[in-house]
């Protein structure tokens, strides 16, 4: 695809951490471009920098050098308040652990990302209910996380990530804590819902089965993104 059409553009991205013997370079000149609706799986061994890359793309961490543009904007030029607002509206996260608030109901957990903006009004509540119905949880809206299964909790996390209709959906080992059948169902939901919302989906996973279901599959090898073998 041409750079002009890219909604996500990553150029020369590097990330270093301080080590005992000097700087430790995790990411080395990473380049990546994606457009709305694209779906990408990223695999690689533990410690290869997969989560680091995801956190930088999600603006939870900053690169050492290089640039990231999402919808033509460089989020790292923003101050902390602007960046938090930008992240909330443009990026959705699904982690290996669902990170649901135990004191809140399923519906309330899905609505949490709407609170910093205009709030959980009628439109947002209807969107949340529609998402929960879409993932088969219409009868669980008033339940607390402890009252539903692990697979159901992860489906709630997917709905929460999509409630603000982000342009970029990032999933970090989203099926890592699930049994095979539940993992397959959650993987299907990620692919289907991101496609329906025309979001860019990047999924970091150790599961070759899940990665194989994505139309695009790259591997982090020696700090660089390369075509998966």
Give me the extension gain from residue 229 to residue 216: residue separation times 0.36 nm, minus the current Cα-Cα distance, reported in nm with one decimal. 3.5 nm
Taking the simple approach of a point 7 Å from Cα along Cα-to-Cβ for both residue 196 and residue 130, what is their distance in nm? 0.9 nm
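Pull out the extension gain between residue 81 and residue 101, defined as 0.36 nm times the separation in residues minus the alpha carbon to alpha carbon distance; nm, one decimal.
The residue 81-residue 101 span can extend by a further 4.9 nm.
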So if we plug the beta-carbon distance of residue 149 and residue 67 into 1/(1 + (r/R0)^6) with R0 = 45 Å, what FRET efficiency do we get, rounded to 0.05? 0.60
Log10 I(q)/I(0) at q = 0.12, 0.13 Å⁻¹ for the range 98-212, from Debye over equal alpha-carbon scatterers, is -0.39, -0.46
With only helices counted (DSSP H, runs n ≥ 4, each -39500 (n - 2.57)), the per-residue ellipticity at 222 nm for the chain, to the nearest 500, works out to -9500 deg cm²/dmol
Explain nothing, just the number: relative contact order of the range 5-68, from Cα pairs under 8 Å at least 6 residues apart, as a whole percent. 43 percent
Relative contact order computed over the range 1-116 (Cα-Cα under 8 Å; 6+ residues apart), in percent: 25 percent
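At a threshold of 8 angstrom on Cα-Cα distance, excluding pairs fewer than six apart, so keeping six or more, what relative contact order does the chain reach in percent? Could the numbers behind the result be given before it?
Values: 414 pairs, mean separation 66.6, N = 229.
29 percent.
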So how tilted is helix 80-90 from the main axis of the chain? Cα-based, degrees 0 to 90, rounded to 10. 70 degrees
Given points 7 Å out from each Cα along the Cα-Cβ axis, report the residue 112 to residue 24 separation in nanometres with one decimal. 2.9 nm
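In what sequence, highest mean first, do 18-28, 214-224 appear when ranked by Cβ atoms within 10 angstrom?
Numbers: 18-28: 12.1, 214-224: 17.3.
Sorting 18-28, 214-224 by mean packing, highest first, produces 214-224, 18-28.
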Dividing the alpha-carbon radius of gyration of the range 1-94 by 2.2 N^0.38 Å (N being the number of residues), what value is obtained? 1.11
Sort 80-92, 191-203 by packing, meaning the average of other beta carbons within 10 Å per residue, with the highest value first. 191-203, 80-92
Counting other C-beta atoms within 10 Å, which of 95, 76, 17 has the fewest, and how do the rest follow? 17, 76, 95
Rounded to the nearest 0.05, what FRET efficiency do residue 46 and residue 184 give with R0 = 25 Å and r taken as the Cβ-Cβ distance? Could you check? 0.65
With axes computed from alpha carbons, what is the tilt in degrees of helix 122-134 against the longest principal axis of the chain, rounded to the nearest 10 within 0 to 90? 80 degrees
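Values in this text are rule-based calculations from the coordinates and carry no lab data. All values reported here derive from a predicted model rather than from experimental measurement. All Cβ positions, even for glycine, are placed from backbone atoms using ideal geometry, and neighbour counts span all protein chains on display.
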